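**Student:** This structure is in structure tokens; I'll ask about it shortly.
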Amino acid sequence: MYPSPISASPPHLLFSFIPAELSLLSAFLLPPTLFFNLPLLSAFSPHYLSSSTPSFSSSNNSKLPNPRIVEHPQDSYVAKMTPAKLNCRAEGDPKPVITWYRDGVKVVTTDKDPESNKMLVDGGALFFLQIIHNKNNKPDVGVYYCNATNIYGSAISRNATLKLAVLRDDFKVNPEDTMVAVGDTAILKCQPPRGEPEPRVIWRKDGSRLATNSRITLEQDGDLMISSIEKVDAGEYTCVAVNKAGESESQTAKVTVYEKPRITIQPKDKVVEKGKNVELECRARGDPKPVITWRREKTNLPPDRSHVLDNGNLLIEEAEVSDDGLYICQVENSVGVSEAVAKLTVHAVPEFVISPTSKMIGLGRTLSLQCVVDGSPVPALYWRQGTDQNLMFPKRDYGRFSVDEIGTLRIRQVRFEDAGEYTCHAYNAAGSKDKKVHITVRELDPEIPDNDLRPPPIINMGPQNQTLQTTTGTVLPCQAHGDPMPAIQWLRNGRPLQMNNPRLMLLGTGSLQISDLQVSDTATYTCRAVSETGETTWSATLTVPAPGTPGVQYHRAPKSSMFPGAPSRPEISTVTDTTVHLTWNPSSHKGGSPIYTYTIEYFSPQTGKGWVTAADDISLESYTVRHLKPNKNYVFLVRARNSHGISAPSPLSRMIETQGRRGSAMFTQEEIEQRLRGIVVNLLQGEAFGPSAIRVYWQVMKGHNAIDGFKIKYRRTKHNSEIHTITVEDPTATSYLIENLYSHTWYEICIRAYGGKVFSQCSNPIKVHTNEGALPAAPENIVMHWLSDSSMSVRWSPPPRPHRYGDISGYVIRCYGEDRKDNCSLSTNSTVQRVVLERLNPSSTYMLQIAAVTGKGTGTWSKKFYMVPEKPSIMKQPWFIGMLIGTIGGTLWIALCIVSIWLCRKKHTQKKLMEQSGMYSTPLQKQDEQARNANLLSTEMSQKEPNMVGNMAEMGNLQPDLTNMLDQSEMKDQNLYNRISMNVPQMKTFYQKPNPVPAVAPYATTTLINTSNLLGKPLQDGYILYIPSMSK
């Protein structure tokens, strides 16, 4: 029997032989079990040493015969009914025999028991054919070690525990189906089931093991994270838990990779004319296919005129001005949303919402000509009287004339010269329109026996301030009366209210009903009563807060029964030149609360104003109205007020006339001079009214009763201009409006009183500066010319310097085609005085005007210029240029041919003449030819060279026969000389006769005569004079 191990904890014990003399000592030092084995071991070897003794090196151990464990068994997990193996390898000489022990009991292998499930393999490894483990029988798990034994001893391995591997089926967390967009990150959760040993996690995609990379990572807790996911990552994913017990799979999770919607064609901003269809494009791509919807910012799409087409575009039929705004294309699928915005602008030619009408107006009354226009862009508007080039623009005062912000022209204190034609002109980028009316000024109304003293319309009940909730409704009252019955109009924030909204309704009484209130309904609403006698307004604010706005106190206008009743007709008791005393009685109907104040209003036909509030905090039933004008007619009304609102007006009082003042007629000349001596008037202040008017205020210091009126003197300070004088015939006046002044200019003003022919000293002068206004002059030196078929150059100079009142900030060029559809208008800054208008229609005629702009608006427009398209020049046509080049080339070729033929014929003629005359050019000859040419003489000599022969004779050796021959030949051949051309290349010699002829004619070229024979002298250089013989 082999010894049992000392302990399970030490790795192994190796017994070796030790000297016999140490046996006794070892018996005392070693443990009992070892002591028991020592006698047996001593028979084999004289030494017993531990293999771990430090004195032995590994190389020495390999040479020892005692057994040594070189591979120890390892702890291991095994699965039921599966093979397993525990390794053990030992060395020794002789080779050790290995046996195995489980829990201290020797293991029976197949070599001892064929039915055993264990066998030794690979020289000592314990192999389990299958692990047997059940509830009642667990023979294979436990603590194992191997024992290697040979004749020199035994070696025991470390303990190795064989445990049964367990893996449960239920995952703690299973992955779930996931939908993710391309580019996003997907995380699949997985917590494996409990097991022993702890299972590790792997992932499978579509049944195949998933490899990790930089995008696909496995977290420590088993989760799978896929970053920057792609379409190829879609599939079915399974989490697998793995240990010795096997594998366990989670439920399958499907990963669906979608593509976020992406707009491929963005909608673009568009401008469309009113009434035309417009289509806004929008295309998108995504997976799943995105759904395209359209909406409009802050409001709904036109319900009946808007359609989303199959391709995703938005179609708006018959566009209206109300369709202006931002339109949003939204594309959406299950993984995302994307949006794009486009702006739609609808242009509409100006239309008259309220057209002016021709009127007849009483002298001295205030005339109102309404002109309300609508269009897109918002039209600009101006008035013009007759053919006058002075235009009247809104929000400006032109003395007695003024135009309010919505375009109504008012003329105060109408005069006979105001009669005539008036034109309201509206224009914008889409076009322009105008409306002409005729005004007649009358002195008496044929139906009214006296002057027209009718007051303007009276508003009985107007709107009240309210704060209301959304989706509720309200009625803004407006009830008015007058002679004639006035028309009711509504304004919203100063602009005419468009009634094309189905939530708005104008009731028969003139009241405005608004249903289904929206936040956008918040505004100031003005009721306006208008008739030929004038107009009256009443305003109130409607506030509709957004739902959920904190701290809002809602308030609805009370019922009319809560207002007090109208007071009685005011009675007039005392009238002076500037005051009227009134008394009245309150109504018996007090309303919902007591009356606490009264309001008095008055109207005077002569002042040119509407209803004026004299006082609105009167607590008693009587009041003295002050600061009235002498010799003026007045009518009064009274209203009562309680905590709920204002009552209807009382009946009108009787019309009274304030008392007048006596003038200079009551005094003598000396008395007037005494009263008006020195400074009588104190000029208090001057105030600029717009760019062309100044109102001055003064106070009379003395001599009131002697004053018939005032003389106002004024002039420009920096221009040494003449002094202008205005006569104010009202002796009670304390202010006056000086009109038709230059804008942006300093004026010096003084005033003096007069009575009869006596004038007081001028008051202390004051200086007043008029406001900056639109320039009264237009730009000049305007030059236009076409640069091409579609572009035009425009140049100009600023308005004349004397008319530049204010700094020019820019220029406006108004440019329209003849059909008003081509709009090439634009604006520039003040430094630009030349522009190029492009993208013009080469077949259209364009109208162009230019105006300068200051801080107060657009100045006077220049006269209209019309640019007619240039007719296409035939010189620029390609076919004409080609034909011209061909014609010139052909002409030159023909001319060249003609010249060549003429030269050839001329040359031929000359040659023929020479042949007929026997004249040829003969070259100079050398001396060796003298023999055969010595006796030859020229038979043709020039008639014009007689001296030649004479000269020869004078030389002394000329023969007489030769002299005669030369003389005879002169006359015979005179005509021949004239026929010979000078173009023959010959050496020419001319002879001068004693009496020269008028013109020298050359003769035929003749070779030189050999003077050796003629003169008895040789020629130089060996040449001889050769004269050919002449045929007769």
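**Student:** Taking θ as phi - 60°, what are the ³J(HN,Hα) couplings along the range 401-407 by the Karplus curve (6.51, -1.76, 1.60), each to the nearest whole Hz, with x for Gly and Pro?
**Tutor:** So the J values, rounded to whole Hz, are 9, 7, 10, 7, 5, 9, x.
**Student:** Please list, ordered by chain and number, the residues whose modelled amide H lies under 5 Å from the amide H of Leu164; skip anything fewer than 5 residues away on the same chain.
**Tutor:** The answer is Val78.
**Student:** What is the packing order of peptides 285-295, 271-281, taking the mean over residues of other C-beta atoms within 10 Å and listing the highest first?
**Tutor:** On the way: 285-295: 17.1, 271-281: 15.3.
By packing density, highest mean first, the sequence is 285-295, 271-281.
**Student:** Follow-up question, since we're still on this one. Starting with the fewest neighbours, write out Val437, Val853 ranked by other beta-carbon atoms found within 10 Å of each beta-carbon.
**Tutor:** The order, fewest Cβ neighbours first, is Val437, Val853.
**Student:** How big, in percent, is the set of alpha carbon pairs in the range 602-657 lying more than 15 Å apart?
**Tutor:** Here the long-distance tail beyond 15 Å is 53 percent of all Cα pairs in the range 602-657.
**Student:** Compute the relative contact order of the range 73-145 as a whole-number percentage, counting only Cα pairs closer than 8 Å that sit 6 or more residues apart in sequence.
**Tutor:** About 38 percent, as a whole number.
**Student:** Checking the cross-link filter: which aspartates and glutamates have an alpha carbon closer than 19 Å to that of Lys767, excluding same-chain neighbours under 8 positions apart?
**Tutor:** Correct list for Lys767: Glu687, Glu722, Glu739, Glu748.
**Student:** How about the range 704-786: which GluC sites (Glu not before Pro) there are in a DSSP loop, with at most 13 other Cβ atoms within 10 Å of their Cβ?
**Tutor:** Details: sites: Glu722, Glu729, Glu739, Glu748, Glu772, Glu780; in loops: Glu722, Glu729, Glu739, Glu772.
Hits after loop and neighbour filter: Glu722, Glu729.
**Student:** List the residues, sorted by chain then number, that are 5 or more residues from Cys88 or on another chain and whose placed amide H is less than 5 Å from its amide H.
**Tutor:** Ala125, Leu126
**Student:** Would you list which lysines come within 29 Å of Lys95, measuring only between C-alpha atoms, while excluding same-chain residues fewer than 8 positions from it?
**Tutor:** Reachable lysines: Lys63, Lys85, Lys106, Lys112, Lys118.
**Student:** Return the whole-Å distance between the Cα centroid of the range 630-652 and the Cα centroid of the range 525-590.
**Tutor:** 9 Å
**Student:** What is the local net charge at Met392, summed over the other residues whose Cβ is closer than 15 Å to its Cβ (Lys, Arg +1; Asp, Glu -1)?
**Tutor:** Neighbour charge sum, excluding Met392 itself: +1.
**Student:** Let me ask another. Based only on other Cβ atoms within 10 Å, what is the fewest-to-most ordering of Trp746, Trp584?
**Tutor:** With the fewest neighbours first, Trp746, Trp584 line up as Trp746, Trp584.
**Student:** Go through the range 896-908 residue by residue and turn each phi into a ³J(HN,Hα) via Karplus (6.51, -1.76, 1.60, θ = phi - 60°); whole Hz please, and just put x for glycine and proline.
**Tutor:** With the stated coefficients, the range 896-908 comes to 5, 5, 4, 4, 5, 5, 4, 5, 5, 5, 5, 5, 5 Hz.
**Student:** Rounded if a/c is under 1.5, else prolate if a/b is larger than b/c, else oblate: which is the range 780-871, with a ≥ b ≥ c the root eigenvalues of its Cα gyration tensor? Spell out each step's value before the answer.
**Tutor:** On the way: a/c = 2.26, a/b = 2.03, b/c = 1.11.
Taking the square roots of the gyration eigenvalues as a ≥ b ≥ c, the range 780-871 is prolate.
**Student:** Which lysines does Lys298 reach when only Cα atoms under 24 Å apart count, and residues fewer than 8 places away in its own chain are ignored?
**Tutor:** Cα-Cα hits under 24 Å: Lys268, Lys270, Lys274, Lys276, Lys343.
**Student:** Something else now. Under 1.5 on a/c is rounded, so check that first for the range 266-346, then, if it is not, pick prolate when a/b is larger than b/c and oblate when it is not; a ≥ b ≥ c are the square roots of the alpha carbon gyration tensor eigenvalues. Working shown, then result.
**Tutor:** Working: a/c = 2.19, a/b = 2.04, b/c = 1.07.
Prolate, since a/c reaches 1.5 and a/b exceeds b/c.
**Student:** Rounded if a/c is under 1.5, else prolate if a/b is larger than b/c, else oblate: which is the range 242-286, with a ≥ b ≥ c the root eigenvalues of its Cα gyration tensor?
**Tutor:** prolate
**Student:** Which far-off residues, 5 or more places away or on another chain, put their amide H under 5 Å from the one on Leu301, with H placed in the peptide plane?
**Tutor:** Sorted by chain and number, the residues that satisfy this are Arg296.
**Student:** Which whole-number percentage describes the relative contact order of the range 658-719, with Cα contacts under 8 Å and a sequence gap of 6 or more? Spell out each step's value before the answer.
**Tutor:** Details: 56 pairs, mean separation 23.0, N = 62.
In percent, rounded to a whole number, it is 37.
**Student:** I would also like to ask the following. Which ³J(HN,Hα) values in Hz, rounded to whole numbers, follow from the phi angles of the range 840-850 under the Karplus curve 6.51 cos²θ - 1.76 cosθ + 1.60, where θ = phi - 60° and Gly and Pro get x?
**Tutor:** 8, 7, x, 9, 9, 8, 10, 9, 9, 9, 10
**Student:** Going by Cα centres, the range 465-507 and the range 252-304 are how many Å apart?
**Tutor:** That distance is 38 Å.
Only the coordinates and a few stated rules stand behind these numbers; no lab work does. Everything numeric here is computed off the predicted structure, so don't read it as measured data. Note that we place each Cβ from the backbone using ideal geometry, even for glycine, and neighbour counts take in every protein chain shown.
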